[in-house]
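First comes the structure, then the notes that go with it.
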Amino acid sequence: MVELSLIFILWCYLLLLLILIGAYLSASSQQGLIRKSSTIDFQAVSILIPARNEAQNIEKCLASILALDYPKDKLNILIGEDQSSDNTAQLVAKFIAPYPHIQLVTINQTLGTAQAKGNVLANLMRLVQTEIIFVTDADIEVNPNWIKRLLPKIIKEGYAMASGTTLVDGEHIFHKWQGLEWYLGTGYIAGFHQLGIPTTAVGNNMAFTKTAYEATGGYENMPFSVTEDFQLYAAIKAKGYLTYNESHADSVNISAAQSKVSAFLHQRKRWLMGAMALPWYWLFIFGLQASFYPCLLVLLVLHFKLALKIWIVKVVLQQLFILFMQKRLKQKNSLLAFITFEAYSLWSTLVMVGFYFSSKPMDWKGRKYR
């Protein structure tokens, strides 16, 4: 009976992978690059960038913002400096001095129930004068076509929120492994979106209308969540607005990877804490994913050959999924990282499960949450 239960759980996860691969491949977002500027309604837009202790990344982020293929006189960029303990504010002030369309806003006020990044966005939204808002993070290098790709989803197709694909990159193999992990995570979002299953927005790669945001009451009137992107996404959906998850090379933003294992674990714990507010079907999916390796290891003891076959099928499906995504998003990755990714997945899953259930509070950018 135990053996059958383990096999059932493992094959359920494999079936989920197969369904998501099929959904991702059938996605209708394989539209060509928007080449003619005449097809774009160059509306004024705002870009919000929360920043806390981002001295290592903020200048790369701002350089990518300046490289956007969009009229500079149509951009209003607000950087929310969230009481950093490093020299983030000084670096930003120096960088933006020649650029009047970029404003540094020091966040000193807590609005309503908003906290952390949600509070930064709540403060910045009170300064926004455009109808369409883009949001990214200070450790992101945005795609030059980011705005031109997502903007038509809102102004032409009627979505109140549109979200692109974020990937991770870095120099070391630990960074590359994280990048492959993000392929799977963002692929799940795109696949579920294609199946009509509500997912989430990506907080460092999204756009929404001011009308939809204000209809939710804003972050200052929402219960606090450490995953503010899902919180806003859910609130906008609850108001009856349409949302869109994009999977296209032109909306790929690149995030800095976590270099320290401790920061990596706290980032994952933050995501899992936020996931507890997800609908039941998402908890079921995360449960399947988290239980795969523990169940597999037990089955290896009870029925080695069968467990090994299931493991091989899982690796083949997983790696094919990554290859499909890389082809669509026009990305490449390290061959060594690709070959050794399964070992990383086993390690990260088992360590993360233990870390999540430990009594240690989640530490994110110097703030602790339980």
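The values are calculated or read from the model by the stated rules, or taken from the named source; none is laboratory data. Because the structure is a prediction, the values reported are computed rather than measured. Heads up, the Cβs are rebuilt from the backbone with ideal geometry, glycines too, and the neighbour counts pull from every protein chain shown.
Give the residues of region 168-199 that are among the small types (Gly, Ala, Ser), surrounded by fewer than 19 Cβ atoms within 10 Å (Cβ to Cβ) and touching a residue at least 60 places away in the same chain (Cβ under 8 Å), sorted by residue number. Lay out the reasoning, then the answer.
Residues of region 168-199 among the small types (Gly, Ala, Ser): 170, 179, 185, 187, 190-191, 196.
Then keep just the ones that are surrounded by fewer than 19 Cβ atoms within 10 Å (Cβ to Cβ); that gives 170, 185, 196.
Answer for region 168-199, where residues must be among the small types (Gly, Ala, Ser), surrounded by fewer than 19 Cβ atoms within 10 Å (Cβ to Cβ) and touching a residue at least 60 places away in the same chain (Cβ under 8 Å): just 170.
So is residue 269 among the basic types (Lys, Arg) and surrounded by 15 or more Cβ atoms within 10 Å (Cβ to Cβ) or not?
On the way: among the basic types (Lys, Arg): yes; surrounded by 15 or more Cβ atoms within 10 Å (Cβ to Cβ): yes.
Yes; evaluated as a whole, the condition is true for this residue.
Is one or more of the residues making up region 242-249 charged (D, E, K, R), touching a helix residue (DSSP H, G or I) at 6+ places or on another chain (Cβ under 6 Å) and closer than 20 Å to residue 154 by Cβ? Before you say what the answer is, go through the steps one by one.
Residues of region 242-249 charged (D, E, K, R): 246.
Add one more test, that the residue is touching a helix residue (DSSP H, G or I) at 6+ places or on another chain (Cβ under 6 Å), and what stays is none.
Looking through region 242-249, none of the residues is charged (D, E, K, R), touching a helix residue (DSSP H, G or I) at 6+ places or on another chain (Cβ under 6 Å) and closer than 20 Å to residue 154 by Cβ.
So residue 202 passes all but one of these: (1) crowded, with 23+ Cβ neighbours inside 10 Å; (2) β-branched (Val, Ile, Thr); (3) assigned to a helix (DSSP H, G or I). Which condition number does it fail?
Of everything listed in (1) crowded, with 23+ Cβ neighbours inside 10 Å; (2) β-branched (Val, Ile, Thr); (3) assigned to a helix (DSSP H, G or I), residue 202 misses just condition (3).
From the list 281, 293, exactly one residue is hydroxyl-bearing (Ser, Thr, Tyr) and at pLDDT 90 or above. Which is it? Talk me through it step by step, then tell me what you get.
Details: 281 fails: at pLDDT 90 or above.
Answer to the selection: 293.
Could you please find all residues in region 132-153 being more than 30 Å from residue 83 (Cα to Cα) and under 16 Å from the mean Cα position of the chain (by Cα)?
Result: 150, single match.
Filter region 82-105 down to residues that are modelled with pLDDT of 95 or more and closer than 17 Å to residue 134 by Cα, then give me how many there are.
4
Conditions (1) among the β-branched types (Val, Ile, Thr); (2) modelled with pLDDT under 90; (3) farther than 24 Å from residue 323 by Cβ; (4) under 12 Å from the mean Cα position of the chain (by Cα), marked per residue:
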| residue | (1), (2), (3), (4) |
| --- | --- |
| 155 | yes, no, yes, no |
| 165 | yes, no, no, yes |
| 173 | yes, no, no, no |
| 177 | no, no, no, no |
| 182 | no, no, no, yes |
| 191 | no, yes, no, no |
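Mind listing just one residue for me: the one in region 211-261 that is assigned to a helix (DSSP H, G or I) and among the β-branched types (Val, Ile, Thr) and, of those, surrounded by the most Cβ atoms within 10 Å (Cβ to Cβ)?
So the first thing to find is which residues in region 211-261 are assigned to a helix (DSSP H, G or I), and the list is 211-215, 219-221, 228-238, 249-251, 261.
Among the residues that remain, those that are also among the β-branched types (Val, Ile, Thr) are: 211, 236, 261.
Numbers: 211: 12, 236: 22, 261: 12.
Checking each candidate, the answer is 236.
Taking region 201-256 only, how many residues are more than 30 Å from residue 178 (Cβ to Cβ) and aliphatic (A, V, I, L, M)? Give the derivation first.
Residues of region 201-256 that are more than 30 Å from residue 178 (Cβ to Cβ), as a first pass: 209-218, 220-221, 238-242.
Within this subset, residues satisfying the condition of being aliphatic (A, V, I, L, M) are 212, 215, 238, 242.
Count: 4.
From the set of residues in region 88-111 that are of a type in the set (S, T, N, Q) and under 26 Å from the mean Cα position of the chain (by Cα), which is farthest from residue 56 (Cα to Cα)?
From region 88-111, those of a type in the set (S, T, N, Q) are 88, 90, 103, 106, 108-110; that's our starting set.
Remaining after also requiring under 26 Å from the mean Cα position of the chain (by Cα): 88, 103, 106, 110.
Values: 88: 8, 103: 20, 106: 19, 110: 26 Å.
Only one residue fits best here, namely 110.
Looking at 272, 308, can you tell me which residue is in a helix (DSSP H, G or I), touching a helix residue (DSSP H, G or I) at 6+ places or on another chain (Cβ under 9 Å), of a type in the set (A, V, I, L, M, F, W, C) and at pLDDT 95 or above?
Working: 272 fails: at pLDDT 95 or above.
Selected residue: 308, the only one of 272, 308 that is in a helix (DSSP H, G or I), touching a helix residue (DSSP H, G or I) at 6+ places or on another chain (Cβ under 9 Å), of a type in the set (A, V, I, L, M, F, W, C) and at pLDDT 95 or above.
Could you grab me the full set of residues in region 324-370 that are farther than 17 Å from residue 296 by Cα, surrounded by fewer than 17 Cβ atoms within 10 Å (Cβ to Cβ) and among the aliphatic types (A, V, I, L, M)?
Passing the criteria: 335, 336, 339.
Tally up the residues in region 201-214 that are β-branched (Val, Ile, Thr) and either within 9 Å of the chain's Cα centre (by Cα) or under 13 Å from residue 164 (Cβ atoms) (or both), please. Working first, answer last.
Residues of region 201-214 that are β-branched (Val, Ile, Thr), as a first pass: 202, 209, 211.
Those left that are additionally either within 9 Å of the chain's Cα centre (by Cα) or under 13 Å from residue 164 (Cβ atoms) (or both): 202.
Going through region 201-214 one residue at a time, the tally reaches 1.
What residue, among those in region 335-370 that are touching a residue at least 24 places away in the same chain (Cβ under 8 Å) and in contact with a strand residue (DSSP E or B) (Cβ under 6 Å, 6 or more places away or on another chain), is nearest to residue 322 (Cα to Cα)?
Only one residue tops the list, namely 362.
Here's the yes/no breakdown for (1) within 18 Å of residue 189 (Cα to Cα); (2) basic (Lys, Arg):
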residue: 314; (1), (2): no, yes
residue: 317; (1), (2): yes, no
residue: 332; (1), (2): no, yes
residue: 340; (1), (2): no, no
